[in-house]
Amino acid sequence: MGTATGIIKALNSGIKHLAIKRFTLRYPEEKLKFVGDGYQFDPSTGVGIAGIKGRHMLFHDHCTGCQLCSIACEGVAEAIAMVKVPDNQTQNKKSIMPQIDYGKCVFCGLCVDACPFYALYMTNDYELSSFSKEGLIYTPAQLAVKPYVQQDSEIKITDRGATHG
């Protein structure tokens, strides 16, 4: 009796999804539009501001070299290393800033949550492919560059499924 019920439930589920229109994007020519700039954290309220978790952005003028981002990443992915930077800034006495290895990063956002100075946040740039492991390591200078993301298609989610247009 249990096997027959299971087969009927599986067939019913499959038949329900036959009527839903599927969609396919022609990636990389077409890309989905994502709402918001990127994941951020507001320490005063203790709430994360919604956004896609992509490549990090580092504001050199806010970073103090406190290493809290590296400490937060330590138990998860160990993707952040603090490196010496040549330029001296008044707020960063140690002259160290985060360097992120995207080969190890799991995009959890804990480093953004840990930064009390709003120096680090995540952008909506999710295309981080490289031909070598060294190409996935972003230095503080590379993290300071604001990404340009071109998005063509917006996803529309309804109770009958998702479409794009």
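The values are calculated or read from the model by the stated rules, or taken from the named source; none is laboratory data. Please read these numbers as outputs of a predicted model, since none were measured by experiment. Every residue, glycine as well, gets a Cβ built from its backbone with ideal geometry; the counts of neighbours run over all protein chains shown.
So, in segment 1-57, exactly how many residues are surrounded by 10 or more Cβ atoms within 10 Å (Cβ to Cβ), of a type in the set (Lys, Arg) and at pLDDT below 75?
2
Only strands (runs of 3 or more DSSP E) wholly contained in segment 38-152 count here; list those with 3 or more residues that are over 15 Å from the mean Cα position of the chain (by Cα).
Because the criterion is at least 3 residues that are over 15 Å from the mean Cα position of the chain (by Cα), the strands (runs of 3 or more DSSP E) in segment 38-152 that meet it are 80-84, 96-101.
Residues being buried (at least 19 other Cβ atoms within 10 Å of the Cβ) and among the hydroxyl-bearing types (Ser, Thr, Tyr): count how many of those fall in segment 124-141.
1
Exactly one condition in (1) surrounded by fewer than 18 Cβ atoms within 10 Å (Cβ to Cβ); (2) within 26 Å of SER44 (Cα to Cα); (3) out of contact with any His (no Cβ under 8 Å at 6 or more places or on another chain) is not met by ALA144; state its number.
Unmet for ALA144, out of (1) surrounded by fewer than 18 Cβ atoms within 10 Å (Cβ to Cβ); (2) within 26 Å of SER44 (Cα to Cα); (3) out of contact with any His (no Cβ under 8 Å at 6 or more places or on another chain): (3).
Please go through segment 92-107 and give me each residue that is modelled with pLDDT under 90 and surrounded by 13 or more Cβ atoms within 10 Å (Cβ to Cβ), ordered by number.
Once the filter is applied, which keeps residues that are modelled with pLDDT under 90 and surrounded by 13 or more Cβ atoms within 10 Å (Cβ to Cβ), segment 92-107 yields ASN92, SER95.
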